[in-house]
Amino acid sequence: MPHPADKILNIHELDHDQLNDWCRSLGIEPYRAKQVMRWIYTRGADDFEEMTDIAKSVRKLLAERFFISSLEIKKVENAHDGSRKYLFGLSDGNGIETVLIPEKNHYTLCISTQVGCAMGCRFCMTAKTGLIRNLTRGEIIGQVLGVQKDIGGDKRLKNIVLMGMGEPLANYSPVVSALQHITNNDTGLGFSNRRVTLSTSGMVSKFEDLARDTRVRLAVSLNASDDKTRSLLMPINRTYPLEQLIDACARYPLTPRDKITFEYILIRDVNDSPEDALRLSKLLRPVKAKINLIPFNPHPASEFERPEEERILNFQAVLCQKNYTAMIRRSKGSDISAACGQLSAKQAAL
Ligand code: SAH
Ligand code: SF4
């Protein structure tokens, strides 16, 4: 006899088709799947008993097979600038971090896609952990649901960025399934594609699949304008050097008003000279690009330093002269080491 707990599954792990199949296998009308998903994702139900327009017998079958659960918040830290870092506990005892960042008129949520990361970038805190495991679809969606619940369904949560722990394209299927759900207006969370951004270190092999499977925006962590420097900072550059990366970006299908965002961490005496800026402007010429300059956020696990303010402004000026939109992104939440993309796996804190 299987233990009853073995039969129970978090319903967030299933997409609409899978729930349809399950309904069909039990002789339940397939339109019930849509009804259940709307109850959960539009109306915020977290118990099948709330679904009063679904027959009691069907609710019982659902409850025997599934539970509805967002992730458990273990800890919340507030930064002086209003950012909030959530530490979520996973069922196997691992932990992940999600950061809510206030902007002028809305919130941006920075979510994780893996516990740790295998890519080994030299400047990144997550890299020090190595890859512990991939997140499931339910755990990726669960971060959004958990934060939405905590902020009481505040409608100002409009933007989602996949810039927390992990390389999203190295965990392709669960990430795409979660993105399709997050942007689905009918049975999902209804976020606009234009307001969801996937950031990658440059896993070129997955670009075509991503463009086919989603319409979310693409951001690429570039961080250098020549192969020698980029390979030093980001080992993935040895697999997909700049020529391949830029070529894949140039071919990436975009809507007429869309651009690819290139993130460039400015690190003192490594990639912050006016010559670097000029080379960057030439490198990106084949692409519809905008650039986010992120002054390096120092942390104890890295020997790198942030450039002087003047050097940062100079770098930006070169790019602006070359007609690029280049914004300087001041890391939010740095006093709680919650700067997006600089999340640490502080397991001990969980
Ligand atoms: N793995 C994906 C997404 C997560 S990293 C990627 O690399 O794009 C998200 C962003 O945070 C990346 O652009 C990364 O370059 C940046 N980042 C990592 N460590 C940082 C640090 N110490 N200071 C500033 N930005 C950092
Ligand atoms: Fe992974 Fe991104 Fe950090 Fe590189 S920058 S180690 S890809 S999380």
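The values are calculated or read from the model by the stated rules, or taken from the named source; none is laboratory data. Fair warning: this is a prediction, and the values are worked out from it, not measured in the lab. So basically every Cβ, Gly included, is an ideal-geometry build from the backbone, and we count neighbours across all protein chains shown.
Tabulated data
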quantity	calculated
Residue ID - farthest from ligand 2 (Cβ to nearest atom), chosen from residues in the stretch 216-233 that are part of a loop (DSSP other than H, G, I, E, B) and either under 19 Å from the mean Cα position of the chain (by Cα) or under 25 Å from ASN184 (Cα atoms) (or both)	VAL216
Tally of residues being within 13 Å of ligand 2 (Cβ to nearest atom), hydrophobic (A, V, I, L, M, F, W, C) and out of contact with any Leu (no Cβ under 8 Å at 6 or more places or on another chain) across the stretch 136-169	1
Check on THR239, more than 27 Å from ALA127 (Cβ to Cβ), assigned by TED's automatic domain parsing to the domain that holds VAL287 and away from ligand 1 (no atom under 12 Å from the Cβ)	no
Odd one out for PRO274 among (1) surrounded by 14 or more Cβ atoms within 10 Å (Cβ to Cβ); (2) over 25 Å from LEU162 (Cα atoms)	(1)
Selection count, the stretch 235-250, where residues are free of Cβ contacts under 8 Å to residues at least 40 places away in the same chain and farther than 20 Å from THR325 by Cα	7
Given (1) surrounded by fewer than 19 Cβ atoms within 10 Å (Cβ to Cβ); (2) under 30 Å from LEU233 (Cα atoms); (3) in contact with a Phe, Trp or Tyr (Cβ under 8 Å, 6 or more places away or on another chain), index of the condition ASP81 fails	(3)
Given (1) farther than 26 Å from GLY152 by Cβ; (2) aliphatic (A, V, I, L, M); (3) under 25 Å from the mean Cα position of the chain (by Cα), number of the condition LEU90 does not satisfy	(1)
Members of the stretch 149-167 found to be more than 16 Å from ligand 1 (Cβ to nearest atom) and in contact (Cβ under 8 Å) with a residue 12 or more places away in the chain, listed by number	LYS149, ASP150, ILE151, GLY153, ASP154, ARG156, LEU157, LYS158
Answer residue from the stretch 216-234, given it is over 19 Å from ASP269 (Cα atoms) and touching a residue at least 40 places away in the same chain (Cβ under 8 Å) and is surrounded by the most Cβ atoms within 10 Å (Cβ to Cβ) among those	VAL220
Members of the stretch 257-278 that are under 24 Å from the mean Cα position of the chain (by Cα) and more than 18 Å from THR200 (Cβ to Cβ)	ARG257, LEU266, ILE267
Strands (runs of 3 or more DSSP E) completely within the stretch 252-337 that count 1 or more residues being away from ligand 2 (no atom under 16 Å from the Cβ) and without any contact (Cβ under 8 Å) to a residue 40 or more places away in the chain	289-295, 326-328
Residue satisfying all of: in the stretch 179-215; hydrophobic (A, V, I, L, M, F, W, C) and outside any loop (DSSP other than H, G, I, E, B); surrounded by the fewest Cβ atoms within 10 Å (Cβ to Cβ) among these	ALA211
Subset tally (residues that are surrounded by fewer than 16 Cβ atoms within 10 Å (Cβ to Cβ) and more than 23 Å from the chain's Cα centre (by Cα)) for the stretch 279-313	10
When residues of the stretch 121-135 are limited to those that are near ligand 2 (Cβ under 6 Å from one of its atoms) and touching a Gly at 6+ places or on another chain (Cβ under 8 Å), the one nearest to ILE11 (Cα to Cα)	THR126
Selected residue [surrounded by fewer than 24 Cβ atoms within 10 Å (Cβ to Cβ), at pLDDT 95 or above and among the aliphatic types (A, V, I, L, M)] from ILE132, ILE111, ILE141	ILE132
Matching strands (runs of 3 or more DSSP E) fully within the stretch 55-129 where at least 3 residues are in the same structural domain as MET165 (by TED's automatic domain parsing) and among the aliphatic types (A, V, I, L, M)	95-102
